[in-house]
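Notes follow once the structure below has been shown.
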Amino acid sequence: MTTPRQPAGETRLLPADTNQARGLAEHAIDFLFRDPRPVGPATLGLLERFHLDSVGCGVSALGLAANAPTVLRREALATPPMAGSRGGICFGSTRRCLVERAVAANASAVREWDSNGTNFGYDAAKGRTAGEFGHNDYYPVAVAAAGEAGLDGHQTLRLMLLIDEIRGRLAEVFALRNYAIDHVHHGAVACAAAYAAALGGTAEQIESAIGIVVAHYVPYRAIRAGHQLSDSKGASAALSSEVAVMSARRALAGFLGPRDVFRNPLALYRKNEPCPDGTSPFDLELGVGGDAFAIHSMHFKLGLYEHQSAGALQSLVDVFTAQPSLADDLDGIRSLAVRIYEPAYSIIADPAKRTPTTRQSADHSLPYILARTLLKARIAAQAGVAIGWESLMLLPDDYSDDAIRDPAVARLIANMTIVHGGPDYDARYPAGIPTSVTIEHESLGRLGGGLVTYPLGHARADAARTAEVVDLKFDRLVAGVVDDPRQLRERMKVAGKSPAEIAELYAFPIHGCDPG
């Protein structure tokens, strides 16, 4: 298996035998203000697309009154800013409110559909392959900080990139899931550092903010346990963003948190991975300039689905491309067999997920995702529409109560088997998403069976083709929720925006959403 070429650019190493919390603080100040090196246009373009994708997801969730972001937004709008603070703005409102509540509401909206960007914490060239998950959930923190600090679009993009870089590099070197800790903790560390730095924090204050987050606010994966998932799963990043901003604000006000927290023997890092020599468990290398950033290893989702299922979805797309007549006779499917890697097998093939009753469980159910995709193929065929990612794209309607209870879904799931592909499959992750789907059909015989490793949307897939589908996804998500998707797309271009425009970036109307 080939190793992808790493983007060129400058990096900064924070060795395991140094105070990495202080190093992150110094890096944040340098990257934003003190020594900002040029960032490559490829990185900035990718960052803009990830941000736009996140906004499309958030606007759609609010426009369709998804529960958790609606609750958190209502709570935020009822909470005025603190004295001396400009406050934050929730999607769809011009009202200023308590900044950490606005951040929680916006991050919850962005994450609710589980359809924005993903990383798997993998840098083979540097041997950093912890493979922790993560998502591009935290841009609302950057926008809120920029609004408070009066930053322009150029500076806001750097702030967004700083958050993605810190959490992305932490995901490469420390697998939180091994200790039942939710991946959003890496995002919280990044947000605390970036927010405090953006508001002019000293290195001591930023280090303190990181220490507060690590010592007091570690989220466990209890939110992801159980047969049916709840609002807590989707809102995990939002609540961690909230406490990160709160911790940063307290540190800026003079509260002293624990120092040198990555080498603290009782903090989660050394506690779970003991280092007798007193170091932290890892070196941490951060991009400084050019295109040497973790964002180049992050992936797009082409609809609403758990990203671990992307290989299986690509397999179905490939099957329909080779044999489009399958869509006309789904009843002829005798069996559909999936081979997949760990950890995907444990996450989305859990037997409890064969009968989901909530959207949060359905979008983490590989059997449901495949069944719903098969039904969409039949609809496309009946309408005379070409079958591909565009026609098979899973959208919010595919997770409605009626869709989840559809007897046709249950019939298709009854013929599915999912097995662990074994060491050969596991070895290809997290570099790829190795999956194969084989269909036995009464009249068409055996279909599929080829191994898919880099499905469309993956960082190593066709970037131009991915961009086309991601743009279509944005248009479909916001259609009917905003007046003009093209106008919103233009508004969300961060580069070139003035501080005043950044401060009001999310203050646009959303149909069906209380303007506050």
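The set of residues in the stretch 154-180 that are touching a helix residue (DSSP H, G or I) at 6+ places or on another chain (Cβ under 8 Å) and farther than 26 Å from VAL143 by Cα comprises PHE174, LEU176, ARG177, ASN178, TYR179, ALA180. Against the list (1) surrounded by fewer than 22 Cβ atoms within 10 Å (Cβ to Cβ); (2) closer than 30 Å to VAL261 by Cα; (3) of a type in the set (Val, Ile, Thr), the condition THR79 fails is (2). Condition check: part of a helix (DSSP H, G or I) and either assigned by TED's automatic domain parsing to the domain that holds PHE133 or modelled with pLDDT under 95 (or both). Does LEU239 satisfy that? For LEU239, the condition - part of a helix (DSSP H, G or I) and either assigned by TED's automatic domain parsing to the domain that holds PHE133 or modelled with pLDDT under 95 (or both) - is met. Of the strands (runs of 3 or more DSSP E) lying entirely inside the stretch 399-465, those containing at least 3 residues that are hydroxyl-bearing (Ser, Thr, Tyr) and surrounded by 14 or more Cβ atoms within 10 Å (Cβ to Cβ) are 435-441.
Restricting attention to the stretch 380-434, the residues that are within 24 Å of the chain's Cα centre (by Cα), aliphatic (A, V, I, L, M) and over 20 Å from GLY303 (Cβ atoms) add up to 2. Taking residues in the stretch 422-447 that are of a type in the set (A, V, I, L, M, F, W, C), and partners anywhere that are part of a loop (DSSP other than H, G, I, E, B) and surrounded by 15 or more Cβ atoms within 10 Å (Cβ to Cβ), the pairs with Cβ atoms closer than 7 Å and at least 6 places apart or on different chains are ALA431/TYR122; ILE433/THR453; ILE433/PRO455; ILE433/HIS458; LEU444/GLN323; LEU447/GLN323.
So which residues in the stretch 147-205 are aliphatic (A, V, I, L, M) and over 28 Å from LYS233 (Cα atoms)? Scanning the stretch 147-205 gives ALA149, LEU151, ALA197, ALA198, LEU199, ALA203. Screening ALA25 against (1) modelled with pLDDT of 95 or more; (2) assigned to a loop (DSSP other than H, G, I, E, B) leaves a single unmet condition, (2). Restricting VAL143, VAL189, VAL214 to residues that are closer than 19 Å to GLY58 by Cα and at pLDDT 95 or above narrows the list to VAL143.
If I filter the stretch 472-500 down to residues being touching a helix residue (DSSP H, G or I) at 6+ places or on another chain (Cβ under 7 Å) and under 17 Å from ASP152 (Cβ atoms), which single residue comes out as surrounded by the most Cβ atoms within 10 Å (Cβ to Cβ)? If we take residues in the stretch 472-500 being touching a helix residue (DSSP H, G or I) at 6+ places or on another chain (Cβ under 7 Å) and under 17 Å from ASP152 (Cβ atoms), then VAL494 is surrounded by the most Cβ atoms within 10 Å (Cβ to Cβ). Being closer than 29 Å to LEU252 by Cβ, surrounded by 18 or more Cβ atoms within 10 Å (Cβ to Cβ) and either at pLDDT 95 or above or assigned by TED's automatic domain parsing to the domain that holds HIS296 (or both) holds for only one residue in THR43, THR18, and it is THR43. For the stretch 140-159, the candidate set comprises residues that are within 16 Å of ALA495 (Cβ to Cβ) and in contact with an Asp or Glu (Cβ under 9 Å, 6 or more places away or on another chain); within that set, the residue that is surrounded by the fewest Cβ atoms within 10 Å (Cβ to Cβ) is ASP152.
The values are calculated or read from the model by the stated rules, or taken from the named source; none is laboratory data. Just so you know, these numbers come straight off a predicted model, no measurement behind them. Cβ coordinates were reconstructed from backbone atoms using ideal geometry, including for glycine residues, and neighbour counts include every protein chain displayed.
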